[in-house]
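The values are calculated or read from the model by the stated rules, or taken from the named source; none is laboratory data. As the structure is a prediction and not an experimental result, all values here were calculated from the model. For neighbour counting, all protein chains shown are included, and Cβ atoms are generated from backbone atoms with ideal geometry for every residue, glycine included.
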Number of protein chains: 2
Amino acid sequence: MYFGGIFPFEDQMAGNTFHKLRDEIENGIVTGTFEPGERLDEVQLAARFGVSRTPIREALMQLSAIGLVEIRPRRGAIVVDPGPDRIFEMFEVMAELESMAGALAARRHTEEDKAAILESHSRCEHSAEREDTDSYYYDNEVFHYAIYAASHNGFLAEQCVALHRRLRPYRRLQLRVRNRMKVSFSEHAAIVEAILAGDAEAARSRLRDHVAVQGDRFSDLVSNLSRREATGAGGQRR
Amino acid sequence: MYFGGIFPFEDQMAGNTFHKLRDEIENGIVTGTFEPGERLDEVQLAARFGVSRTPIREALMQLSAIGLVEIRPRRGAIVVDPGPDRIFEMFEVMAELESMAGALAARRHTEEDKAAILESHSRCEHSAEREDTDSYYYDNEVFHYAIYAASHNGFLAEQCVALHRRLRPYRRLQLRVRNRMKVSFSEHAAIVEAILAGDAEAARSRLRDHVAVQGDRFSDLVSNLSRREATGAGGQRR
DNA sequence: GTCAATTTTTTTGTATACAAAAGAGATCAT
DNA sequence: ATGATCTCTTTTGTATACAAAAAAATTGAC
């Protein structure tokens, strides 16, 4: 599947080593291979990917610029651990950006946008019916990307994609919550309706709620997080 | 003047060479020392700053990650030239983020926030009375930062600051437009009123209008841009 | 045995070196 | 003279080398 023009840095896709490394490490962070707070050893990473330290450092520089990694002078790079409060803040901003995209989409969507939205929406439906969380997770992403694209604001779309990616791990946790998938789908339906009807304000508020709920759900999970922290793994910033 | 906790990357302030270089080059781009479309030669920059290519490259990597520089594989780095349409898109997003910050500020501001807002607001007033564009430009920035801070969403504040910085050169052009400064100040007054009254929706819409580039301002922007392009080194993306 | 100071080891940050690719320029054919 | 191909130059991308700083470990004092 191809998301033309939505991905940031698309022009750099022709992978120089450092670029591939950036994606690999970023993916590792988002996936959980590298845990929050974990130290990213340059030589270790270099060995792992079979390259020298130079491109590794360049990749880490880029990741630090987008806030996924923190480079402490002379003390190496660690995976940023946003902490519950910061994650909640990010959801708050995500809700606003998404709702903006939805409002713009309601006013500006073309026939192709409409087709893409409906297509991804029905994919979500199938996945929801099959109760296939993994599949729904992916389809849901495509659905949201379709709305970003329909906003016809490329910069906004890039921002949304970037933030969506960063929130991925926390969103993923949520889908496992009982019945969340079907509720999510019915929210989608209402959003699609508003966008296609050209009702910008309805699209805005429905999308805001749709995303904000995830933030709320997340704060429910915060207790789990802090419990986990007490027991072992994690480790807060600083 | 100190904007505690607002600047992104604040924790990296302890300047390793590459970090200082990043700031220097970023500043050069925002200031106009490096023009949009200009090629950033690594050896040239290295000579200029008296360092080797390595930290220069690391700085460029970071700048490319935040979208100020484009690194074309095997073809070097150039200063990104957003082009009028993209700039417009960025202002559209800025308007939404600012209005969000205003809405949150209306609901969440503390006494200290109130003091900071009023203080910066009255500084703007003095500068506007003296018709001191440069001074107003600076005070205006402080005013907006005070609102970001009052939103009590650190992530949002960072996003706002980053985008505000990127739009700096274009905003600056706008202040030169006749009478814009005094109009701007009266808009500020209405915004302050809404925030202090706790009227989130009024704050939101007033800030949106204040920031959005609409009507005449858009054509002013475009004509300024094309003039600059004609005279300068310019050159569109791609 | 515990704590502090010093030495050793690791690791980061920057410089340099080298290979490969892109760009510029010259040569040759038409 | 114009256009295309080949060569030479410049520039990027990655590896390696080295210096300085931080972390770890050893030694020594109490």
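Considering (1) closer than 18 Å to B:HIS109 by Cα; (2) free of Cβ contacts under 8 Å to residues at least 60 places away in the same chain; (3) of a type in the set (D, E, K, R), the lone condition that B:ARG180 does not fulfil carries the number (1).
When restricted to residues that are farther than 23 Å from A:GLU89 by Cβ and more than 14 Å from chain A (Cβ to nearest Cβ), region B:88-119 contains 3. Determine whether A:PHE143 is closer than 23 Å to A:ALA203 by Cα, within 12 Å of chain B (Cβ to nearest Cβ) and of a type in the set (Phe, Trp, Tyr). Spelling it out, it is not the case that A:PHE143 is closer than 23 Å to A:ALA203 by Cα, within 12 Å of chain B (Cβ to nearest Cβ) and of a type in the set (Phe, Trp, Tyr). When you look at B:ALA115, is it hydrophobic (A, V, I, L, M, F, W, C), surrounded by fewer than 23 Cβ atoms within 10 Å (Cβ to Cβ) and within 14 Å of B:SER184 (Cα to Cα), yes or no? Spelling it out, it is not the case that B:ALA115 is hydrophobic (A, V, I, L, M, F, W, C), surrounded by fewer than 23 Cβ atoms within 10 Å (Cβ to Cβ) and within 14 Å of B:SER184 (Cα to Cα).
Within region A:3-21, does at least one residue satisfy the condition of being modelled with pLDDT of 95 or more and within 14 Å of chain B (Cβ to nearest Cβ)? Break it down into steps so the answer makes sense when it comes.
Quick first cut of region A:3-21, residues modelled with pLDDT of 95 or more only: none.
Among the residues of region A:3-21, not one is modelled with pLDDT of 95 or more and within 14 Å of chain B (Cβ to nearest Cβ), which makes the answer no.
Do we have any residue at all in region B:22-40 that's acidic (Asp, Glu) and within 14 Å of DNA strand D (Cβ to nearest atom)? Among the residues of region B:22-40, at least one is acidic (Asp, Glu) and within 14 Å of DNA strand D (Cβ to nearest atom), which makes the answer yes. Scanning region A:183-202 for residues that are more than 18 Å from A:SER122 (Cα to Cα) and not acidic (Asp, Glu) yields a total of 3.
Look at B:GLN44 and say whether it is within 16 Å of DNA strand D (Cβ to nearest atom) and either acidic (Asp, Glu) or under 21 Å from the mean Cα position of the chain (by Cα) (or both).
Details: within 16 Å of DNA strand D (Cβ to nearest atom): yes; either acidic (Asp, Glu) or under 21 Å from the mean Cα position of the chain (by Cα) (or both): no.
The answer is no for B:GLN44.
Being modelled with pLDDT of 85 or more, in a loop (DSSP other than H, G, I, E, B) and farther than 20 Å from B:GLU89 by Cα is the filter here, so list the residues in region B:194-238 that pass it. B:GLY198, B:ASP199 - these are the residues of region B:194-238 that are modelled with pLDDT of 85 or more, in a loop (DSSP other than H, G, I, E, B) and farther than 20 Å from B:GLU89 by Cα. Taken over region A:163-186, the criterion of being over 26 Å from A:GLY67 (Cβ atoms), part of a helix (DSSP H, G or I) and not β-branched (Val, Ile, Thr) is satisfied by A:ARG180, A:MET181, A:LYS182, A:SER184, A:PHE185, A:SER186. For region B:30-121, the helices (runs of 4 or more DSSP H) that sit wholly inside it and include 2 or more residues that are within 23 Å of A:ALA65 (Cβ to Cβ) and more than 13 Å from DNA strand C (Cβ to nearest atom) are B:53-65, B:83-108. Looking across region A:112-171 at every residue that is among the aliphatic types (A, V, I, L, M) and within 13 Å of the chain's Cα centre (by Cα), the one that is modelled with the lowest pLDDT is identified as A:LEU167. Quick check, is B:ARG72 within 14 Å of chain A (Cβ to nearest Cβ) and near DNA strand D (Cβ under 8 Å from one of its atoms)? So B:ARG72 fits the description; yes. When B:SER127 is tested against (1) surrounded by fewer than 16 Cβ atoms within 10 Å (Cβ to Cβ); (2) away from chain A (no Cβ under 14 Å), only condition (1) is not met. A single member of A:ARG48, A:ARG107, A:ARG53, A:ARG72 is surrounded by fewer than 20 Cβ atoms within 10 Å (Cβ to Cβ), more than 14 Å from A:GLY215 (Cβ to Cβ) and in the same structural domain as A:VAL192 (by TED's automatic domain parsing), and it is A:ARG107.
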